[in-house]
Amino acid sequence: MTLEPQLAELTTTAFYLVVLGFVFVESGLLFGFFLPGDSVLFAAGILAATPGSGVSLPVLVLGVFAAAVLGDAVGYACGHRLGRPYLLRRSGRLGARHVERAERFYARYGWFAVVVARWIPWVRTFTPVIAGIGRMPYHRFLSANVLGALCWAVGLVLLGYFSYATPWLRTLSLVVAGVFITATIGYVVVEWRRPRRPLAGGDALVTARDDQAA
């Protein structure tokens, strides 16, 4: 099921608010980890290319980029100021099961994790908060934040835009999305079945912070 029909029913102003709101919430607010940000961005790009839609591609691109950067910045600031108890408290029961995976992902990959996490459902919501908890130097976080926003938010909008007039590109995008979703589900299943020890006192975050400071 695609999201274009639902988005197309909105007024232009409401469309911008919904799309930018989805991107910001999923990037920066912990309760947004379940939102379908990838699908919304791709569908928004398609609608921007649809004649008579009234959606401006430059406005959309600038808007989703700003929302993605600001969302991650808010997540980082919350993690930096409020710490791990805030992460666990606000993520809820459903989100808490993904916190440890995101912590280990960040502890292992550091700067690269902030960029790549944009493409991984669940992880992209928690990673900027974890980067703040781990005291990642802000200039390093900002560079990863900006690059991730360009690749993910702007990239998906442009992919949707150009796929409107290029059927094979849209088909390829759906195939790639299917492979990515399957790989993500496989990763989650493997991680779920793998024996894990609880992180004691945020050991992974301490390790990541030491690596970032080195």
**Q.** The one condition in (1) open to solvent by less than 30 Å² (accessible area, probe 1.4 Å); (2) more than 18 Å from Val146 (Cα to Cα); (3) among the hydroxyl-bearing types (Ser, Thr, Tyr); (4) at pLDDT 75 or above that Tyr86 fails to fulfil
**A.** (4)
Q) Of the conditions (1) over 11 Å from the mean Cα position of the chain (by Cα); (2) modelled with pLDDT under 85, Asp38 fails just one. Which one is it? A) (1)
Q.
Which residue is modelled with the lowest pLDDT, if the candidates are limited to the range 114-127 and must be surrounded by 24 or more Cβ atoms within 10 Å (Cβ to Cβ) and over 21 Å from Pro85 (Cα atoms)?
A. Ala117
**Q.** Residue check for Ile130: modelled with pLDDT of 85 or more and in contact with a helix residue (DSSP H, G or I) (Cβ under 7 Å, 6 or more places away or on another chain)
**A.** yes
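Report, by residue number, each residue of the range 13-34 that is in a helix (DSSP H, G or I), modelled with pLDDT under 85 and either in contact with a Pro (Cβ under 6 Å, 6 or more places away or on another chain) or open to solvent by 50 Å² or more (accessible area, probe 1.4 Å) (or both).
Within the range 13-34, just Phe31 meets the criteria.
The values are calculated or read from the model by the stated rules, or taken from the named source; none is laboratory data. Computed from a prediction, not measured in an experiment: that's the story for all the values here. Note that we place each Cβ from the backbone using ideal geometry, even for glycine, and neighbour counts take in every protein chain shown. Note: accessible area is taken over every heavy atom of the protein model, side chains too, but ligands, DNA and RNA are not part of it. Shrake-Rupley method; radii C 1.70, N 1.55, O 1.52, S 1.80 Å.
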